[in-house]
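One structure is given below, encoded as structure tokens.
The values are calculated or read from the model by the stated rules, or taken from the named source; none is laboratory data. Predicted model only: the values in this text are computed from it and were never measured. Every residue, glycine as well, gets a Cβ built from its backbone with ideal geometry; the counts of neighbours run over all protein chains shown.
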Amino acid sequence: MNESDLNKVIGDSLSWYYKIPDDGSSIGIGGKRPFDGFGASKGFPVYWEGKYLHKVEAFNFNDLRQHQIDNLIAIKKGIPYAKCLFIIGVQWAPRELRAYVFEDLEDIAKRKEEKRSIYAEEFRKLTNYVVKKDGIFPFDF
């Protein structure tokens, strides 16, 4: 499992999706991908950026590019009913992949600005996750 695999599982969990190519060749400004993908599920447009941790460890917000969070915030402001998500996939156990779903993008942007990582202890306390089952994340929008 890697970040590309995580994004495929996220996409497969939606009714329809498009994964933006990692090389940025087909979309974006100056070759920068605005975020990982977009799609639709249960009547909602969905936009996401996904990051992957191969074990329960700290997530450093340096891995989240400023333009990625800025683009998700801009879409949320323009389309308030859209699901704009920052998702951290954590390989919790050999057969347990959790997707921690963050919808409060302003808080994520603030954490990034303040360089406040999410530590393993915090992941253990968070309840905003779904577990991969039958090859998908059972998102409940």
Open item on the list: Filter region 94-141 down to the residues that are over 20 Å from Trp48 (Cα atoms) and aromatic (Phe, Trp, Tyr) and list them by number.
Closed with: Tyr119
TODO: Say whether the condition of being touching a strand residue (DSSP E or B) at 6+ places or on another chain (Cβ under 8 Å), modelled with pLDDT of 95 or more and over 16 Å from Asn60 (Cα atoms) is met by at least one residue in region 108-126.
DONE: yes
Task: Whichever residue in region 113-135 is touching an Asp or Glu at 6+ places or on another chain (Cβ under 8 Å) and more than 10 Å from Ala99 (Cα to Cα) and, among such residues, is surrounded by the most Cβ atoms within 10 Å (Cβ to Cβ) - done: Ala120
TODO: Would you check which residues across region 46-95 are closer than 26 Å to Arg124 by Cβ and of a type in the set (Lys, Arg) and list them?
DONE: Lys51, Lys55, Lys83, Arg95
Open item on the list: Can you say whether Ile136 is at negative phi and in contact with a Gly (Cβ under 8 Å, 6 or more places away or on another chain), as far as the supplied structure shows?
Closed with: no
Open item on the list: Anything in region 18-54 that is more than 15 Å from the chain's Cα centre (by Cα), assigned to a loop (DSSP other than H, G, I, E, B), at pLDDT 90 or above and among the hydrophobic types (A, V, I, L, M, F, W, C)? List them, or say none.
Closed with: none
